[in-house]
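Below is one structure, written out as structure tokens; comments come after it.
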Amino acid sequence: MSAPALQTKSLVKRFGALVVSNDINFTLERGARHALIGPNGAGKTSFVNLVTGVLTPSSGEISLAGENITDLSRAQRVKRGLVRTFQISALFKKLTVLENVTLAIAEREGAANDLWRPAGHHRAIIEEAYDLLVPLGLADEALRPVTELAYGRQRMIEIAMAVALKPKVLLLDEPAAGVPPRETGAIIETIEKLPGDIAVLFIEHDMELVFRVAQRITVLVQGAVLVEGTPAEIADDPKVREVYLGESKH
């Protein structure tokens, strides 16, 4: 039986007397679409910062595809296939969509410092970048400067750049944050079109996105897991309605 894409065991993070992650046991299965939700201050960002290496745990263990990565640096985790959209460099807004994704692939291949060579030398990288844009619905805008695109489309390009790094696990940190409601549907469609072999964990406050995309949902409250289940189970859970979903109505 294959190891989960991502797993944490008894993960704890303390800042003095303040516990921001409290004995978190979490499993992200291979190819899963899993949402992490909870009220403000629930510890969602702290948990993802621990997983990605921004924070060092006080105790516990983090595994990626069965490999213990607890002591690895952020860069080492990325190279092993753990990618967070937040970790991707800011978009080069004067460059085209295709050029931005090409740069991400070149970084993955260790060729980023060699892009001054004639374009033909990097034809394979450019073709891979374009082929990546097609299923995500961005090919028609491949030659447009990023600065010309709406904010929602720019968030989609960030996702494309993350996918260009060939992750095993993709962490999407509030992909719909700041995106006008009329553009949220495009973000949802982009996530739905991601390759099936990538396990996706996303933090999100937009419940439409969560309940449309997620196969499983984990609810954090005060740094600990309150409950985990299918979208239907979470929607019907009285504790969740009281602590989180009910709060969103105010």
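Laboratory data are not the source of any read-out in this text; all were calculated from the coordinates shown. These numbers come from a predicted model, not from an experiment. In this analysis, Cβ positions are derived from the backbone assuming ideal geometry, glycine residues included, and neighbour counts consider all displayed protein chains.
Taking other C-beta atoms within 10 Å as the exposure proxy, R77, R182, R241, R84 rank R182, R241, R77, R84 from fewest upward. Arranged from fewest to most other beta-carbon atoms within 10 Å of their beta carbon, Y151, Y130 become Y151, Y130. For region 6-249, relative contact order (Cα pairs under 8 Å, six or more residues apart, normalised by length) works out to 28 percent.
Here's the picture: charge each Lys and Arg Cβ at +1 and each Asp and Glu Cβ at -1 in the chain, and of V243, A104, T70 the one pushed furthest to the positive end of that dipole is T70. Note on region 165-206: Cα-only Rg and Dmax are 10.8, 30 Å. Charge tally for E228 (other residues, Cβ to Cβ under 11 Å; Lys, Arg +1; Asp, Glu -1): -1.
Positive end of the dipole of the chain (Cβ unit charges, origin at the Cα centre): among V134, T190, L18, the Cα lying farthest that way belongs to L18.
Tell me, what are the semi-axes, in whole angstrom and largest first, of the equivalent ellipsoid of the chain as set by the roots of 5 times the Cα gyration tensor eigenvalues?
The equivalent ellipsoid of the chain has semi-axes of 32, 22, 15 Å.
Rounded, prolate or oblate: which one fits region 34-85, using the alpha carbon gyration tensor with axes a ≥ b ≥ c (rounded when a/c is under 1.5, else prolate when a/b beats b/c, else oblate)? It is prolate, given that a/c is not under 1.5 and a/b is the larger ratio.
In plain terms, the residue of M207, M156 with the fewest other Cβ atoms within 10 Å comes first and the most crowded comes last, giving M207, M156. Label point of F211 set 7 angstrom out along Cα-Cβ; within region 223-240, amide nitrogens under 20 Å from it belong to 226-240.
Over the chain, DSSP H runs of length four or greater, each weighted -39,500 (n - 2.57), average out per residue to a 222 nm ellipticity of -9000 deg cm²/dmol.
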